[in-house]
Protein chains: 2
Amino acid sequence: MRYELYYWPSIQGRGEFIRLVLEDAGADYVDAARDGKRGMAAMMRFMESRSIEHPPFAPPFLKAGKLVIAQTANILFYLGPRLDRVAKSETSRLWAHQLQLTIADWVSEVHDTHHPIASNLYYEDQKTGAKWRAADFRANRLPKFCDYFEHILKRNSKGGDYLLGNKLSYVDLSLFQMIEGLRYAFPQTMARLEPQYPRVLALHDRVMARPRIAAYLSSPRRLAFNEQGIFRHYPELEEE
Amino acid sequence: MRYELYYWPSIQGRGEFIRLVLEDAGADYVDAARDGKRGMAAMMRFMESRSIEHPPFAPPFLKAGKLVIAQTANILFYLGPRLDRVAKSETSRLWAHQLQLTIADWVSEVHDTHHPIASNLYYEDQKTGAKWRAADFRANRLPKFCDYFEHILKRNSKGGDYLLGNKLSYVDLSLFQMIEGLRYAFPQTMARLEPQYPRVLALHDRVMARPRIAAYLSSPRRLAFNEQGIFRHYPELEEE
């Protein structure tokens, strides 16, 4: 099965969580909207189609044979067992999904540090709000999310170094991406906080050392972080 | 199976999406944290427990036998087929879940109209940002979400008056709740917009007329909307 991923071609954004699992599994996929003008046109046709059965509200979405699935966490829920990146039992799948939805909330909060007022206004037009929101994020929300995932790794009753136990799941890949993005957006804050989260960081490093992930990260398929994506580096949103 | 729902006892909030499906299905459940001081203490114990296998990041969460499941959309994904409020096929479940996650995004955006800067600050301390964000929500986001769901109902190729076709699913109950909440929070905006969304409103009325839902809505189990919940009515956030 060749999967077709549709996402904005110039940013990592939410699509990156899906790219990472496809890459780690060595899946056969195309990043359709990055395939030149034609790809982007195909994505827009999907978005605007009046006839498609299950239309997405927004990218990313995945075409898998006749299925079209949207919502990042939903796509990962679908791909997880097919790519052997989550155990097949319902309990494991629900728990992985619960963690992934918590990451989705975290991602939205990161986005809102630079866009607290409106997604369709420029950052420059909501800078005052952004400073306040970023300050609260750095002081309260970021440590709260990190604490949570550190604690999951610590209390893992089955042992093992991954969020779900002994075996890597797609949620580990997503947590890796969170740390990468947060280091890009808030390097000083992360440098200060990281010593408190040794398990999360060890997991990050373990993911980064996986051969397929390492190959992906050094390939042109990995886009650089930039100020159009979810994780943006604006020095004025960082701590003093 | 007696389900135990854990959620803040004084607001509809995200818990209401789960209450509605339990009520509509006539399920055996307790709204545990509303069971006096003891219930609230039990919820906090869950939240703070260092030993629970799959700890929730935040309420709501559901106890179903030995399972503890968090994240509203995840709980509904679990309950849907068990309460016969979604078809059992994977395609139906993924599509229902995709719609539910879109509603979850919508709920977060409603929350942020009154809390654009920080959840742990008072509304009064972020009123200026709230006015801007609410204006954008009313002008752009609210119509975008309503358009989307109106369109889903319109293009339903299988016919039928529900989001998934001929049979009510938990997503219909959630869409009903969105309309209820939005009418409470933004009555003028909704009065102006509603004529554009006849199918969404017909669905809302159909849900409200269901005997168990009607009984629930007029029972003391249905909390009133208030200014501690997700949907809040602040006249200054409404249109002129």
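The values are calculated or read from the model by the stated rules, or taken from the named source; none is laboratory data. What you see is a predicted model; the values in this text were computed from it and never measured. Cβ placement follows ideal geometry from the backbone for every residue including glycine, while neighbour counts extend to all protein chains displayed.
Here are the numbers for this structure:
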| item | result |
| --- | --- |
| Only listed residue being buried (at least 16 other Cβ atoms within 10 Å of the Cβ), charged (D, E, K, R) and farther than 19 Å from residue A:107 by Cβ, chosen from A:221, A:232, A:210 | A:210 |
| Residue satisfying condition, being closer than 24 Å to residue A:210 by Cβ and either basic (Lys, Arg) or not in a loop (DSSP other than H, G, I, E, B) (or both), within set A:18, A:11 | A:18 |
| Subset of the range A:75-104 that is of a type in the set (Lys, Arg) and more than 10 Å from every other protein chain (Cβ to nearest Cβ) - its residue that is surrounded by the fewest Cβ atoms within 10 Å (Cβ to Cβ) | A:88 |
| Total residues in the range B:56-72, condition closer than 22 Å to residue A:150 by Cβ, more than 7 Å from every other protein chain (Cβ to nearest Cβ) and of a type outside the set (Gly, Ala, Ser) | 4 |
| Single condition residue A:186 does not satisfy, out of (1) crowded, with 20+ Cβ neighbours inside 10 Å; (2) not assigned by TED's automatic domain parsing to the domain that holds residue A:120 | (2) |
| Extreme residue, farthest from the chain's Cα centre (by Cα), among residues of the range A:127-144 that are surrounded by 23 or more Cβ atoms within 10 Å (Cβ to Cβ) and facing chain B (nearest Cβ under 9 Å) | A:129 |
| Residue ID - surrounded by the fewest Cβ atoms within 10 Å (Cβ to Cβ), chosen from residues in the range A:105-120 that are touching a residue at least 12 places away in the same chain (Cβ under 8 Å) and within 8 Å of chain B (Cβ to nearest Cβ) | A:112 |
| Filter result for residue B:55 (part of a loop (DSSP other than H, G, I, E, B), more than 14 Å from the chain's Cα centre (by Cα) and crowded, with 19+ Cβ neighbours inside 10 Å) | yes |
| Among residues of the range B:84-111, those that are of a type outside the set (S, T, N, Q) and under 22 Å from residue B:147 (Cα atoms), counted | 14 |
| Tally, over the range A:25-47, of residues that are outside any loop (DSSP other than H, G, I, E, B) and over 20 Å from residue A:224 (Cβ atoms) | 12 |
| Helices (runs of 4 or more DSSP H) (entirely within the range B:66-182) containing at least 3 residues that are farther than 18 Å from residue B:197 by Cβ | B:72-82, B:90-114, B:127-136 |
